[in-house]
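The values are calculated or read from the model by the stated rules, or taken from the named source; none is laboratory data. Since the model is a prediction, treat every value here as computed from it, not as a measurement. In this analysis, Cβ positions are derived from the backbone assuming ideal geometry, glycine residues included, and neighbour counts consider all displayed protein chains.
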Amino acid sequence: MSVIDSLMLTLPELVLTGAALTLMLVAAFAGDRATRLINAGAIAALIGATLVLGREGVGFDGLYTADAFSNFTKPLIYLAAGVSILLSTRFFAAEERLRAEYSVLILLAAIGMGMMVSASNLLTLYVGLEMQSLAAYVLASFMRKDARSAEAGLKYFVLGALASGILLYGISLLYGFSGTIDYHGVAKGLADGVSMGELFGIVFVLAGLSFKIAAVPFHMWTPDVYEGAPTPVTTYFGTAPKVAAVALLVRVSIEAMGSAVASWQQILIFTSLASIILGAVGAIGQANIKRLLAYSSINNIGFVLVGLAAGTEAGVAATLTYMVIYVLMTLGSFACVLQMRAADGVHVEDIQSLSGLSRRQPALAAAFAIFMFSLAGIPPLLGFWAKFVVFDAAVAAGLMPLAAIGIAASTIGAFYYLKIVKIMYFDEPAEAYHPVTSYVESGVIALTAVAVSPIGYLAIPMLGTATAVAAKALF
Amino acid sequence: MSYPILSIMILLPIAAAILTLFLTAQAARWAALGTTLGLFGLGVALWHGFDVGGPQWQFVENAPIFGRFSWALGIDGIALMLIVLSVFLMPICILASWTSIEKRVPEYMAAFLLMEALMIGVFSAQDMFLFYIFFEAGLIPMYLIIGIWGGADRIKASYKFFLYTLFGSLLMLVAMLWMSREAGTTDIPSLMQYNFPVEAQTWLWLAFFASFAVKMPMWPVHTWLPDAHVQAPTAGSVILAGVLLKMGGYGFIRFSLPMFPEASAQLVWLVFGMSMVAVVYTSLVALVQQDMKKLIAYSSVAHMAFVTIGLFAFNRQGIEGALMVMLAHGLVSGALFLCVGVIYDRLHTREIARYGGLSNNMPYYALFFLFFTMASIGLPGLANFVGEFLALVGAYEANSWVAAVATTGIILGAAYMLYLYRRVAFGAPAGEDTAAMRDISAREWLTLAPIAAATLWMGVYPESFLAPMRNDVTSLLVRLESAAPAGDAHLKKGSPKADAHHEAAHGEAH
């Protein structure tokens, strides 16, 4: 494959790079006044990148792979990134002031995430991951005057750097013992039995990636970073990088370590159950809605890993289905959180302030309740379908104990989602919120609420086919 | 019938529920009443159109729109009777909440309409996962009904209700996932004929049991029920007792028995044991209750134990009896909760000691209350008698000890119900406000009289209700035949003496 062909494969990333650099120049010359324009440009770039997707092949001598799998996950990443930009304008205008770099940083992260899902070489993986992470560290501390935001950024950076180190160590072990950094080469190296060094490599790589997806026992940063980061950034953290990191984990597990399923399956089973249980138990005592959603994301990652732990094509397809539905629910919930503003317009994060929301703002409360029930996995909401497919895959792969324990533990999770519904519907009304002013935000809430409502079930056949095709590409 | 009546019966109340959210309180009441009456009409049409003795599954619809599972509906006689029970009780529930619900009326009516859609869905679903979705989705409106419009301790009750039932159902889901893999289908009628490996059946049976036993509810997982009943508004209790509890029994008859006959036979001891404890224990608990609703709630647990005993007797009398108890209990306990609601609306307390002497100032009320008390006890000629008698006959054939213990439940039932009635209706009024209570209004007549009529009908001519279900029981028995455990009754064919006696009597008359 010629260089031109290889470059054409990376066209989405090229579009984003061009846009990011151009918009950065605009920001440098026009300053923060041009923020809205830059945001619009960034969204246009994301749409453009989605439109030029579709080519398939292996480029740059195996460094970069564009296939059905990456073509499925990238639009989801771009969607989440785009919505995070949409949700940012009003928030930053109200909290501090609009700053032009926000969407540029998101675009840069999107390039990194695109590389993460397309990486078929351990070094591309690392470069993509770092590119995404560096943008994320800046985004976490984006509110310069807010101590919590600065703290979140610092925490994220220090722990993220540690995780990157662990990951890199794992990569070096895999390289040392299999003699290559190419996924397929590593797979060949593992096929003839897993040596102790390779096993350590696998464990370290999984540990590093577990940090990125916030799976137990590498989840400690999540509540603090979610709480401290500005809400639109939290929305972004909860969605796009999660999708990218999960997709990356899936590809590494299946393509590079697919010949040694038995050595990582038990690790994933443990991580998955620990995340489900700890995510559920940890959320119970939370008083801050963003912390609660952070634990909820840990809990959800546990369910995602159930699908991956199955190690089968159906399991990968289930994981992807879960991520799509999870992104919708998370975007919707955070858009609701953005509406939690006191009468003077200041954002609040206290769960108790939701008291009696169903009588103050019935539509908002109904949407929030839909997201909560959906996250809890109660049918007929779409969140049930997400859990259904991952557990179905686990059962099909013969992991009955994992399925039974995981599903039983989701009752614990239901408890705190119910608590939010209880506060909104059963408690006496608290002080009124500032009315919803942004059409964009109410639009996001309405669209995601409809998507996860029973109407979303009509999309199941389409989603099923698309995820099956994407999963097939890895096997 | 050419139009998809079952889909209409599910989608109509959902549409109406969304509509009522945008109406004023009074308009929402009328809209809900109109919709539920319309659905009752459709239910009657369904009964009328049901071909007794025709194919097992009728009004079948199948639209594979969800990929992995389909929108498959269809009913047999058992489902038909339970749907008719649901649509019959619904308008009564709306009427019963007419004035007692004052806050957030549109949302209340919407929740009830949603409930109705989901109940009809549960009984008519022919796809396992569609069944699960309806079965589980009912938690949301019921959680809201208990939590928003319930009594003082409603929050705890709503959590208990939700989490108990959710936990049970989730284990069932795992079993369903395995079954759909093993059998390669999600179609309930096909699964009912599929022979699962015997060693797997035990696990599957237990997983389903976890769900249905909670829903039923069986001792010892019944503790959510008294709380939920006590805290729920009157109409909520009626629906809970009248229909939601029937989902457990329906589940046994649709899933556990036909799909896992061998496991059912193996674990009969478990069901009998739990039911025997339930009959005696909850009856004794009911005897000492100070709260009227709690008393009736415990009596529900005891009555539901007759259902499980009858179902697991593995014979026609037992199963038909269990079905009749389900229908009769739906009517009678629903009516008893309405009776409690009538006086609760006047005095705003459920404490038995605060009442007394109501037969003086509320004669019609006392009459209705007595009527339903007697029905609950199992007075011949009223609904419960038929079912309980048949269930006990069936149980006696299967295991005489179980029958003996269960029968004490009937005696205890008479004790606690009559004791309740004496304290409420007879004796001296507890206070002036009690003595000043008005008799039932026209609206309350409208809620109680239809149930009384149906109770009488079911007691005097149960054939109307048994006929549609007979063939389904037969096919269930055929399915169970190979696995049915031997009873201890050692039945033998009777000698032809009776005939001679009959002829002799015939001759004497001449």
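All of B:GLY34, B:GLY43 fail the test of being surrounded by 14 or more Cβ atoms within 10 Å (Cβ to Cβ), closer than 28 Å to B:PRO106 by Cα and at pLDDT 90 or above, apart from B:GLY43.
Would you say B:ILE343 is touching a strand residue (DSSP E or B) at 6+ places or on another chain (Cβ under 8 Å) and either at pLDDT below 90 or not β-branched (Val, Ile, Thr) (or both)? Full working, then the answer.
Numbers: touching a strand residue (DSSP E or B) at 6+ places or on another chain (Cβ under 8 Å): no; either at pLDDT below 90 or not β-branched (Val, Ile, Thr) (or both): yes.
No; evaluated as a whole, the condition is false for this residue.
Can you confirm whether B:PHE372 is at pLDDT below 90 and buried (at least 24 other Cβ atoms within 10 Å of the Cβ)? Against the criterion (at pLDDT below 90 and buried (at least 24 other Cβ atoms within 10 Å of the Cβ)), B:PHE372 does not qualify. Of the residues that sit in the stretch A:328-348 and are in a helix (DSSP H, G or I) and over 15 Å from the mean Cα position of the chain (by Cα), which one is surrounded by the most Cβ atoms within 10 Å (Cβ to Cβ)? Here the answer is A:ALA335. Residues that are at the interface with chain B (Cβ under 9 Å from one of its Cβ atoms), in contact with a helix residue (DSSP H, G or I) (Cβ under 6 Å, 6 or more places away or on another chain) and touching a residue at least 60 places away in the same chain (Cβ under 8 Å) within the stretch A:413-430 comprise just one, A:TYR425.
Quick check on this structure: which one of B:LEU113, B:LEU130 is part of a helix (DSSP H, G or I), facing another protein chain (nearest Cβ under 10 Å) and within 18 Å of B:ILE8 (Cβ to Cβ)? Break it down into steps so the answer makes sense when it comes.
Details: B:LEU113 fails: facing another protein chain (nearest Cβ under 10 Å).
Sole residue among the options that is part of a helix (DSSP H, G or I), facing another protein chain (nearest Cβ under 10 Å) and within 18 Å of B:ILE8 (Cβ to Cβ): B:LEU130.
Only one entry in B:LEU379, B:LEU420 is among the aliphatic types (A, V, I, L, M) and either closer than 22 Å to B:ILE239 by Cα or assigned to a helix (DSSP H, G or I) (or both), namely B:LEU420.
So for the stretch A:388-400 (the condition being part of a helix (DSSP H, G or I), away from every other protein chain (no Cβ under 11 Å), crowded, with 24+ Cβ neighbours inside 10 Å and not β-branched (Val, Ile, Thr)), does at least one residue qualify? Looking for residues that are part of a helix (DSSP H, G or I), away from every other protein chain (no Cβ under 11 Å), crowded, with 24+ Cβ neighbours inside 10 Å and not β-branched (Val, Ile, Thr), one finds none in the stretch A:388-400, hence no. If you go through the stretch B:338-358 and keep only what is within 18 Å of B:LEU240 (Cβ to Cβ) and basic (Lys, Arg), you end up with just B:ARG350.
Pairs under 6 Å by beta carbon, first residue farther than 21 Å from A:ARG55 by Cα in the stretch A:455-470, partner in a helix (DSSP H, G or I), six or more apart or different chains? Within 6 Å, the pairs are A:GLY456/A:LEU382. B:VAL230 satisfies every condition listed in (1) more than 26 Å from B:GLN56 (Cα to Cα); (2) within 14 Å of chain A (Cβ to nearest Cβ); (3) of a type in the set (Val, Ile, Thr) except (2).
The stretch A:1-88 holds helices (runs of 4 or more DSSP H) entirely within its bounds, and those carrying 1 or more residues that are farther than 26 Å from A:ASP182 by Cα map to A:11-30, A:35-51, A:68-86. Taken as a whole, the stretch B:137-147 holds at least one residue that is farther than 22 Å from B:PHE208 by Cα, surrounded by 23 or more Cβ atoms within 10 Å (Cβ to Cβ), more than 19 Å from the chain's Cα centre (by Cα) and at the interface with another protein chain (Cβ under 10 Å from one of its Cβ atoms).
Taken over the stretch A:349-366, the criterion of being in a helix (DSSP H, G or I) and not aliphatic (A, V, I, L, M) is satisfied by A:GLN352, A:SER353, A:SER358, A:ARG359, A:ARG360, A:PRO362. Taking A:MET323, is it out of contact with any His (no Cβ under 6 Å at 6 or more places or on another chain), more than 18 Å from A:ALA471 (Cα to Cα) and either within 13 Å of chain B (Cβ to nearest Cβ) or surrounded by 21 or more Cβ atoms within 10 Å (Cβ to Cβ) (or both)? No.
Among the residues of the stretch A:309-325, which ones are of a type in the set (S, T, N, Q) and over 24 Å from A:THR448 (Cα atoms)? Once the filter is applied, which keeps residues that are of a type in the set (S, T, N, Q) and over 24 Å from A:THR448 (Cα atoms), the stretch A:309-325 yields only A:THR312.
Given the structure, is A:GLU428 in a helix (DSSP H, G or I) and among the acidic types (Asp, Glu)? Before you say what the answer is, go through the steps one by one.
Values: in a helix (DSSP H, G or I): no; among the acidic types (Asp, Glu): yes.
No.
Residue count for the stretch B:168-224, restricted to those that are within 14 Å of chain A (Cβ to nearest Cβ), touching a residue at least 24 places away in the same chain (Cβ under 8 Å), farther than 15 Å from B:GLY248 by Cα and not aliphatic (A, V, I, L, M): 5. In the stretch A:435-442 there is at least one residue matching the filter, namely being hydroxyl-bearing (Ser, Thr, Tyr), part of a loop (DSSP other than H, G, I, E, B) and either more than 29 Å from B:ALA200 (Cα to Cα) or more than 14 Å from chain B (Cβ to nearest Cβ) (or both). When the test is whether a residue is of a type in the set (A, V, I, L, M), within 14 Å of chain B (Cβ to nearest Cβ), within 21 Å of A:LYS290 (Cβ to Cβ) and without any contact (Cβ under 8 Å) to a residue 60 or more places away in the chain, A:ALA449 does not pass it.
The residues on offer are A:VAL194, A:VAL203, and the sole one that is surrounded by fewer than 22 Cβ atoms within 10 Å (Cβ to Cβ) and either touching a His at 6+ places or on another chain (Cβ under 6 Å) or not in a helix (DSSP H, G or I) (or both) is A:VAL194. Among the residues making up the stretch B:1-22, those that are touching a residue at least 40 places away in the same chain (Cβ under 8 Å) and surrounded by fewer than 18 Cβ atoms within 10 Å (Cβ to Cβ) are B:MET1, B:PRO4, B:SER7, B:LEU11, B:ILE14, B:ILE18, B:LEU21, B:PHE22. Exactly one residue out of A:ILE407, A:ILE420 is more than 25 Å from A:VAL337 (Cβ to Cβ) and buried (at least 23 other Cβ atoms within 10 Å of the Cβ), and it is A:ILE407. Taking the conditions (1) modelled with pLDDT of 90 or more; (2) closer than 25 Å to B:ALA452 by Cβ in turn, B:GLY77 satisfies each one other than (1).
Of note, A:PHE373 does not satisfy the criterion of being within 14 Å of another protein chain (Cβ to nearest Cβ), among the aromatic types (Phe, Trp, Tyr) and over 26 Å from A:GLY285 (Cβ atoms). For A:VAL216, the criteria (1) crowded, with 16+ Cβ neighbours inside 10 Å; (2) at pLDDT 90 or above; (3) within 26 Å of A:SER275 (Cβ to Cβ) hold in every case but one, which is (2).
Can A:MET115 be described as buried (at least 24 other Cβ atoms within 10 Å of the Cβ) and either in contact with a strand residue (DSSP E or B) (Cβ under 7 Å, 6 or more places away or on another chain) or in a helix (DSSP H, G or I) (or both)?
On the way: buried (at least 24 other Cβ atoms within 10 Å of the Cβ): yes; either in contact with a strand residue (DSSP E or B) (Cβ under 7 Å, 6 or more places away or on another chain) or in a helix (DSSP H, G or I) (or both): yes.
Spelling it out, A:MET115 is indeed buried (at least 24 other Cβ atoms within 10 Å of the Cβ) and either in contact with a strand residue (DSSP E or B) (Cβ under 7 Å, 6 or more places away or on another chain) or in a helix (DSSP H, G or I) (or both).
Could you go through the stretch B:57-64 and let me know if any residue there is within 14 Å of chain A (Cβ to nearest Cβ) and not aromatic (Phe, Trp, Tyr). Even if it seems obvious, please write down each step before you answer.
Filtering the stretch B:57-64 down to residues within 14 Å of chain A (Cβ to nearest Cβ) leaves B:63-64.
Keeping just the survivors that are not aromatic (Phe, Trp, Tyr) gives B:63-64.
Among the residues of the stretch B:57-64, at least one is within 14 Å of chain A (Cβ to nearest Cβ) and not aromatic (Phe, Trp, Tyr), which makes the answer yes.
Just a yes or no: is a residue in the stretch B:270-282 within 25 Å of B:GLU351 (Cβ to Cβ), touching a residue at least 12 places away in the same chain (Cβ under 8 Å) and assigned to a helix (DSSP H, G or I)? Quick ask: steps written out before the conclusion?
So in the stretch B:270-282, the residues within 25 Å of B:GLU351 (Cβ to Cβ) come out as B:281-282.
Restricting the remaining residues to those that are touching a residue at least 12 places away in the same chain (Cβ under 8 Å) gives B:281-282.
Cutting the leftovers down to assigned to a helix (DSSP H, G or I) gives us B:281-282.
Looking for residues that are within 25 Å of B:GLU351 (Cβ to Cβ), touching a residue at least 12 places away in the same chain (Cβ under 8 Å) and assigned to a helix (DSSP H, G or I), one finds at least one in the stretch B:270-282, hence yes.
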